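In what follows, a single structure is set out as structure tokens and then discussed.
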Amino acid sequence: MATLIRSKISSAATSVTNKSQAKVSGMFARMGFQAATDEEALGFASCDDLDYEHRQGLQMDILKTEDGGADGVGETDVEGDSHYQRDGTGPPPYTSKDDGMCAELGGQDRPRITAWEAGWNVTNAIQGMFVLGLPYAILHGGYLGLFLIIFAAVVCCYTGKILIACLYEENEDGELVRVRDSYVDIANACCTPRFPKLGGRIVNVAQIIELVMTCILYVVVSGNLMYNSFPSLPVSQKSWSIIATAALLPCAFLKNLKAVSKFSLLCTLAHFVINILVIAYCLSRARDWAWDKVKFYIDVKKFPISIGIIVFSYTSQIFLPSLEGNMQKPKEFHCMMNWTHIAACILKGLFALVAYLTWADETKEVITDNLPSTIRAVVNIFLVAKALLSYPLPFFAAVEVIEKSLFQDGGRAIFPNCYGGDGRLKAWGLTLRCALVVFTLLMAIYVPHFALLMGLTGSLTGAGLCFLLPSLFHLKLLWRKLLWHQVFFDVSIFVIGGICSISGFIHSLEGLIEAFKYNIQD
């Protein structure tokens, strides 16, 4: 009798834990793969309804597990949505990873996304709002800046493919089997057996930095756009940033992102329209284009910052493992990566070139600030709306990663659980969320430089997640099966990426320190 009681108690405790894990991972599922990125991984809003149904299925599975526990089944493993368990914990390797996160629920196969839908999500990730900073990169890099846009597209496409290759291993029959779920799993596998969790922690730290920096950039760009849209008003850029942050404070109270993600999708479509309007305006002034201003020389001091800007505009690797696992035909992943990055390369190159040719040396950090005042205000207001509606997604993702790593990691958590027994957020947990919003405001106030922040983020986390780590992981996990030219590519990308990352980081950091000192004195 005592044994039966202990079994029921153990089952109930396990069920509560599984519900909590499924709730957290389900949040990532709803954000889709937006959580990772750098900015426009936010495009997974289009899969929101699909993810909602998946979470309902997870809840049913949990209930079934709880019922099964009453029959004497002790600690039952519920996988939940392990694709979104960023710390690499949770059940190891999936039994049918070919089914991805869309497992069979209720006897029926859930629909997965097609290659076209996956391509749309990748396009949102690498054709996002921060493309507006590319003409500024051409200002300091000339034709070499255009070459880097092409080079970064080729390298990011290649590293995305090799990152997915690291998810697979051959079984006894020589068939490729997916044995890992996420970027974190790959990182942990590379550090095993000496430091089995070190790699995942490094990736998590890089991810948090990139997400928080993305939030800061949204506040900076909102203040910048509003200030330049209404220069006659007695409101400074810092004041506009404070107003924008006041509108963002409710993000700390968010429990789900369903409505916000749908608005963000509409704003993404509006952003594409804005890009077309900017290009159309530039084409209307084609007779005045300053071709003689585009040269082969570079600004040695500012060009490394341009490298970070270009790299940051291509970041998407962090969510590619989950994306590939959710495709109907994973074999089409390589083809999808090819055409999305070719399209991104062409569009980014044309956008940056025609915008620079139109304004030449007067090109500003955010290109829409160069537009005539008659249309600038309308365009910038749309962009501000997009920025404010996109802010909750990386913010929520950063909060979830921090909470899962520091407050909800079972007995290994550094701090007490920030959620009560009823699943509600405790007061001090809410205070920490508000503090994170305020932190993004303070950074935006004291370092209100869009290009510098974007260059720093691209040089630090962008280059690391897109260039350095994928090539390093590929060499570590699959070096015995690589051909000589693959080894050469991986080593070259690692070396070149390292040099670009260090130089861009140093120059961006120097600029940020100078700007910070200036704003402190002011």
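The values are calculated or read from the model by the stated rules, or taken from the named source; none is laboratory data. Computed from a predicted structure; not experimentally measured. Ideal geometry is used to build each Cβ from the backbone, glycine not excepted, and the neighbour counts take in all protein chains shown. The accessibility values were calculated without ligands, DNA or RNA, using every heavy atom of the protein model including side chains. Shrake-Rupley method; radii C 1.70, N 1.55, O 1.52, S 1.80 Å.
Between Val487 and Arg287, full extension at 0.36 nm per residue minus the direct alpha carbon distance yields a gain of 67.2 nm.
His449 contributes an accessible area of around 60 Å² to the protein surface, as traced by a 1.4 Å probe with all chains present. Annotation: Lys426 carries an accessible surface of approximately 80 Å², with a 1.4 Å probe and no ligand, DNA or RNA atoms counted. Residues whose amide H comes within less than 5 Å of that of Tyr419, counting only those at least five positions distant or on another chain, are Lys426 (H built at 1.01 Å from N in the peptide plane).
Our estimate of slack between Ala343 and Cys191, defined as 0.36 nm per intervening residue step minus the Cα-Cα distance, is 51.1 nm.
Of the listed residues Ile445, Ile279, the order by accessible area with a 1.4 Å probe, largest first, is Ile279, Ile445.
Sequentially through the range 334-341, phi angles give Karplus couplings (6.51, -1.76, 1.60; θ = phi - 60°) of 4, 5, 4, 4, 4, 6, 5, 6 Hz, Gly and Pro residues having no value and appearing as x.
Taking the 1.4 Å solvent-accessible surface of the range 152-202 as the whole, the part contributed by carbon and sulfur is 57%.
Net charge dipole, the range 123-268: roughly 700 debye, given to the nearest 20, about the Cα centre with Cβ charges of +1 for Lys and Arg and -1 for Asp and Glu.
Largest accessible area first, the listed residues Phe253, Phe450 line up as Phe253, Phe450 when surface is computed with a 1.4 Å probe on the assembled protein chains. Placing +1 on the Cβ of every Lys and Arg and -1 on the Cβ of every Asp and Glu, with nothing else charged, gives the range 223-344 a dipole about its Cα centre of roughly 120 debye.
For Asp361, the shell of other residues with beta-carbons less than 15 Å away shows a net charge of -2, using +1 for Lys and Arg and -1 for Asp and Glu. Hull volume per residue, based on the alpha-carbon atoms of the range 414-522 and their convex hull, is 159 Å³.
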